[in-house]
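Here the structure comes first, spelled out in structure tokens, and everything after it is commentary.
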Amino acid sequence: GPNGCGKTSLLRLLAGLDRPSAGRVEHARGLAVGFLPQVPAPAGSRTLGTELRSAFADLESERGELAAMEAEIADRSRSGAVDEELVERYDRRQARFAARGGYEIDQRIQRVLTGLGFAPADAESPLAELSGGQQTRALLGRLILSGPDLLLLDEPTNHLDLTTRE
């Protein structure tokens with residue numbers, strides 16, 4: 001549609017970022033919506049790698065909880081008091097972590113980096129130093145990694161060069 005006709009407003013409503021002035025927007029229960037804005041938000045001090053890794057915040061948190069459980073199991077084992085219930089809980093959580101891809105985070109990030117035209121060394125680049133098109137690709141990468149059920153792209157080619165668009 002032409003500029004100013006409400007495309008961005010509609011996408012923001014569908015993404016749940018804005019509330020309608022009348023009526024309502026309904027989604028299927030549990031629907032995960034990803035939204036790529038037309039203009040990337042200010043990058044701050046994050047690196048490209050940090051931005052992509054943020055898609056896995058829940059898995060990273062779970063990794064920390066597993067590490068704490070491992071330490072507790074080790075402490076109890078040293079004192080000769082193995083807690084079978086704790087070990088079983090750990091086994092269930094570890095299996096869930098593995099099933100959700102917790103051990104493949106780095107490989108998934110590398111695949112997306114490569115797929116979006118970044119070199120592995122670019123992961124250490126501050127987002128603020130990337131071009132607008134590179135920042136858009138970084139945000140798209142984070143969205144891809146987060147695996148939404150519905151991905152809304154608001155003029156995703158705005159800041160992209162011809163090679164990236166192709």
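The values are calculated or read from the model by the stated rules, or taken from the named source; none is laboratory data. The model shown is predicted, which means the values in this text are computed figures rather than measured ones. Here the Cβ is made from the backbone with ideal geometry for all residues, glycine too, and neighbour counts use every protein chain on show. Please note that ligands, DNA and RNA were not included when accessible areas were found on the heavy atoms of the full protein model with its side chains. Shrake-Rupley method; radii C 1.70, N 1.55, O 1.52, S 1.80 Å.
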Flagged pairs (Cβ under 7 angstrom, 6 or more apart or on separate chains; first in the range 73-93, closer than 21 Å to residue 63 by Cβ; second among the aromatic types (Phe, Trp, Tyr) and part of a helix (DSSP H, G or I)) are 73/90
Sole miss for residue 60 among (1) surrounded by 15 or more Cβ atoms within 10 Å (Cβ to Cβ); (2) within 14 Å of the chain's Cα centre (by Cα) is condition (1)
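Do you know which residues across the range 96-121 are more than 30 Å from residue 156 (Cα to Cα), open to solvent by 50 Å² or more (accessible area, probe 1.4 Å) and among the small types (Gly, Ala, Ser)?
Initially, the range 96-121 is screened for residues more than 30 Å from residue 156 (Cα to Cα), giving 96-99, 103.
Still in the running and open to solvent by 50 Å² or more (accessible area, probe 1.4 Å): 96, 99, 103.
Hit for the range 96-121 is 99, nothing else.
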Practice task
Please indicate, with yes or no, whether at least one residue in the range 3-11 is open to solvent by less than 70 Å² (accessible area, probe 1.4 Å), under 17 Å from the mean Cα position of the chain (by Cα), among the β-branched types (Val, Ile, Thr) and within 30 Å of residue 126 (Cα to Cα).
Solution key: no
Considering the range 1-45, residues that are of a type in the set (Ser, Thr, Tyr) and assigned to a loop (DSSP other than H, G, I, E, B), and then whichever is farthest from residue 152 (Cα to Cα), we arrive at 45
